[in-house]
Amino acid sequence: MKRYSLLILSFLMTIVAFGQGQKVVADKIIAIVGDKIILKSDITNDIADRVRRNEPVPDNANCLIAEQAMAMKALVLQAEKDSLKLSDEELEGELDNRIRGFIQQFGSKEAVEQVAGRTIYQLKDDFRIPIRDRKLADMMRSKIVEAVKITPQEVKAYYDKIPKDSLKFYETEVEIGEIILNPKASRDLEKYAIDELTDFKQQVESSKRKFETLASLYTDDPGSKNNGGMYNINRTEKNFDPTFMSAAFRLKNGQISPVIKSKFGYHIIQMVNRSGDDATVRHILKIPQITETETNEAVARLDSVRAKLIAGNMGFGEAVDKYTDDESAKFTAGMKQGMNGTYCTIDELDKELVLMLNSLKVSEYSKPVVYTDERGKKGVRLVYLKSKSQPHRENLKDDYNKIASRAIEEKKMEAMEKWFITKIPTFYIMVDEELKSCTQLSGWLKTANSAAR
């Protein structure tokens, strides 16, 4: 039964044969769990989509995917019985994220519709029930394992079972925080950027130059420089500056905004096309130049913050919340995030930050340093080195939290195993003849055979 816990880790059911335009000539019900059916096309479309993504497809892929589908149906059934609710807002948000992902992949809404052979609204309808089911299954899994806890003794027992030659080897990892100040440009240089953008707007509106040409030549946004300043946006997105979004969605197709100011700098925006809450826009960003005077002012301000930190008059998290210009840092107390949460390997940090570590000891705060971020914007940062590990083989002293995290996941998987063993016999199960050779489905087949007698 251990296979059931593995499939819970991945509800990667492909809903339509998206991107290939493949049609299933013949279809049939290949399995039933309760009142939930699984079609043969669900299996073949999933396999086709994995091939399209160049993922390895094992010989028994149809068995593995059928098992995943049946497990998800069982969880959805129980979620419905337990009256777990998914709000309309959350479902719509998931649908919008899925569609935005496709638009980002294929370049435009029109390209997505052409590849899929369906409108965006039809695609959202296609995805509605499968995404609802996946979310309900996730909610049910969370409910099943919410009471699972782990003790230090259990963590040690888990660790002791790991063969010593299989223990992970960790490179140097650091916990590192930043307080960032973005110096403000002088009024004269801000006016220069505004005047430059105003001139670009006039050139486009008088048909002297194309917007995309000017964007490719003059924008300070490296993320859109190579595609003429273009972005696909949705009104509900949170990762775009709200001022930018508000200005963009006031525009009609082909219209260019006046110069606007966002947290990134100054922009002009052109609406390429819009459909409801989705839009394709182009923009030109100009970041006013920062002089040495403004930079020195930011350095002096961070120097005073550093003095408070060293004196113990303020904690680092409090200083981040009060002083940093990096809005996202306020959600992480200023700590950099890596693959292992707040623990970052050296290759996950920018080169300038790595160089700063050479002169920092654990619990120390760096002097303010001027740097340029990935968007080409000049800033000043103060760095805090919270912890630093040496390269080592995994052990309980240095890596307890990581080991405990894996141990509790194993315990949750065992809880899921027990749940499936208990629940499968309570559902009506039907498995088609062509799946009855699947060893992965033995538990389901046992219940199906009992129901048939």
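The values are calculated or read from the model by the stated rules, or taken from the named source; none is laboratory data. Since we're looking at a predicted model, the values are computed, not measured. Every residue, glycine as well, gets a Cβ built from its backbone with ideal geometry; the counts of neighbours run over all protein chains shown.
Name the one entry in GLN122, GLN104 that is under 22 Å from the mean Cα position of the chain (by Cα) and surrounded by fewer than 18 Cβ atoms within 10 Å (Cβ to Cβ).
Values: GLN122 fails: under 22 Å from the mean Cα position of the chain (by Cα).
Among GLN122, GLN104, only GLN104 is under 22 Å from the mean Cα position of the chain (by Cα) and surrounded by fewer than 18 Cβ atoms within 10 Å (Cβ to Cβ).
Exactly one condition in (1) in a loop (DSSP other than H, G, I, E, B); (2) modelled with pLDDT of 85 or more is false for GLN22; which is it?
(2)
Take LEU357 and tell me if it is surrounded by 17 or more Cβ atoms within 10 Å (Cβ to Cβ) and either free of Cβ contacts under 8 Å to residues at least 24 places away in the same chain or in contact with a Lys or Arg (Cβ under 7 Å, 6 or more places away or on another chain) (or both).
The answer is no for LEU357.
Examine region 236-246 for a residue that is in contact (Cβ under 8 Å) with a residue 60 or more places away in the chain, surrounded by fewer than 18 Cβ atoms within 10 Å (Cβ to Cβ) and part of a loop (DSSP other than H, G, I, E, B), and state whether such a residue exists.
Yes; the residues of region 236-246 include at least one that is in contact (Cβ under 8 Å) with a residue 60 or more places away in the chain, surrounded by fewer than 18 Cβ atoms within 10 Å (Cβ to Cβ) and part of a loop (DSSP other than H, G, I, E, B).
Kindly indicate the residue of region 196-222 that is part of a loop (DSSP other than H, G, I, E, B) and charged (D, E, K, R) and also farthest from ILE284 (Cα to Cα) among those meeting that condition.
Taking the candidates together, the pick is LYS208.
Name, by its number, the condition in (1) exposed (fewer than 15 other Cβ atoms within 10 Å of the Cβ); (2) touching a Phe, Trp or Tyr at 6+ places or on another chain (Cβ under 8 Å) that does not hold for ASP199.
With (1) exposed (fewer than 15 other Cβ atoms within 10 Å of the Cβ); (2) touching a Phe, Trp or Tyr at 6+ places or on another chain (Cβ under 8 Å) applied to ASP199, the lone miss is (2).
Go through (1) more than 30 Å from the chain's Cα centre (by Cα); (2) of a type in the set (Gly, Ala, Ser); (3) within 30 Å of LEU285 (Cβ to Cβ) and name the single condition GLY177 misses.
(1)
Scanning for something of a type outside the set (Asp, Glu) and touching a Pro at 6+ places or on another chain (Cβ under 6 Å), does region 341-352 turn up at least one residue? Give the derivation first.
Quick first cut of region 341-352, residues of a type outside the set (Asp, Glu) only: 341-346, 349, 351.
Then keep just the ones that are touching a Pro at 6+ places or on another chain (Cβ under 6 Å); that gives none.
Among the residues of region 341-352, not one is of a type outside the set (Asp, Glu) and touching a Pro at 6+ places or on another chain (Cβ under 6 Å), which makes the answer no.
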